[in-house]
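Right, one structure below, let's go through it.
The values are calculated or read from the model by the stated rules, or taken from the named source; none is laboratory data. Keep in mind that what you see is a predicted model, and the values were worked out from it rather than measured. Counting neighbours? That spans all protein chains shown, and the Cβs are built from the backbone with ideal geometry, glycine included.
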Amino acid sequence: MSSQRSGWANWSSRRPWVDKCDRERRFTIALSCPRVTDRPIPEATVGRLPVYLRALVELAEAGTVTVSSEVLAEATGVNSAKVRKDLSHLGSYGTRGVGYDVAYLLHQIRRELGLTQHWPIVIAGIGNLGHALANYRGFGERGFRPAALVDNDPSKVGERVGDLPIRPVEDLPSIALEHAALIGVICTPAAAAQAVADAMVQAGIASILNFAPAALVVPEHVSVRKVDLAVELQILTYYEQRKAALSEVKGRRRAVRG
């Protein structure tokens, strides 16, 4: 671990090696992908669409043909009014007394999320997390496929993880040329994350998922989503502490009344 950190730290201090690439590169949109309108779906709704999709897949696998907003709400932990409003953004209003056609709703959500095609991803930083993501079989079921793995550690370059060889980080430009609409996934230590993001942007990658505990600065046209497991755990500890405190207060009140 220490050698990996020091290696990424040394690499992150170097200037990007790539000549200026075309920063206007955009995702290649398949004909069957989402309709593009002047009114984008609210971000909160977009965040719930994958949750609806997961529940609908389970319903479809169970042989369910139609589903009401109430059942979908119960399956996803969202109130039924919000479910109906979210789905209305897709142009799907259901049928009164019947509900939504599960197969068609699956198609609508997949189309809106761009999952009518498989999206290639490149994982940078093949430590424990990078290995786990490279071997994650759930990607294929959800419309994604690991297309390349990169690392700055020369001792790792050439190793194989599953069917993919680990390539040097300097290969990012050629990898981006090999795979249209490439999505970058950063699994490096925090100190190297910005330099890796810079390299991805210069290679033409316009969407990045960042697992490193660092805030990235990217051009306006680049989309970044951050996953910080420590932050999520800290939020959970807040609620656990709050529940324990409330339980203690209620216990004291009962004792006083008794």
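Taken over the stretch 105-125, the criterion of being closer than 30 Å to V157 by Cα and free of Cβ contacts under 8 Å to residues at least 40 places away in the same chain is satisfied by H118 alone. If you go through the stretch 74-120 and keep only what is among the aromatic types (F, W, Y) and assigned to a loop (DSSP other than H, G, I, E, B), you end up with just Y93. Exactly one residue among C21, C33 is at pLDDT below 90 and in contact with a Ser or Thr (Cβ under 9 Å, 6 or more places away or on another chain), and that residue is C33.
The condition (being in a helix (DSSP H, G or I), without any contact (Cβ under 8 Å) to a residue 60 or more places away in the chain, under 19 Å from L113 (Cα atoms) and β-branched (V, I, T)) is satisfied by just one residue among V51, V71: V51.
This table checks each residue for (1) among the small types (G, A, S); (2) free of Cβ contacts under 8 Å to residues at least 60 places away in the same chain.
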| site | (1), (2) |
| --- | --- |
| S207 | yes, no |
| P213 | no, yes |
| P219 | no, no |
| K226 | no, yes |
| L229 | no, yes |
| K243 | no, yes |
| V249 | no, yes |
| A255 | yes, yes |
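Is it the case that some residue within the stretch 211-228 is within 17 Å of N152 (Cβ to Cβ) and in contact with a Gly (Cβ under 9 Å, 6 or more places away or on another chain)? Yes, the stretch 211-228 has at least one match.
Let's see how each residue does on (1) closer than 23 Å to A44 by Cβ; (2) modelled with pLDDT of 90 or more:
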position	(1), (2)
E178	no, yes
G184	no, yes
T188	no, yes
A193	no, yes
A214	no, yes
V222	yes, yes
V231	yes, no
L246	no, no
A255	no, no
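For the stretch 220-249, taking the residues that are among the aliphatic types (A, V, I, L, M) and part of a loop (DSSP other than H, G, I, E, B), the one that is farthest from A193 (Cα to Cα) is identified as V222.
Condition check ((1) touching a strand residue (DSSP E or B) at 6+ places or on another chain (Cβ under 8 Å); (2) not assigned by TED's automatic domain parsing to the domain that holds G184) across all residues:
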| site | (1), (2) |
| --- | --- |
| K85 | no, yes |
| G94 | yes, yes |
| Y100 | yes, yes |
| Q108 | no, yes |
| L133 | yes, no |
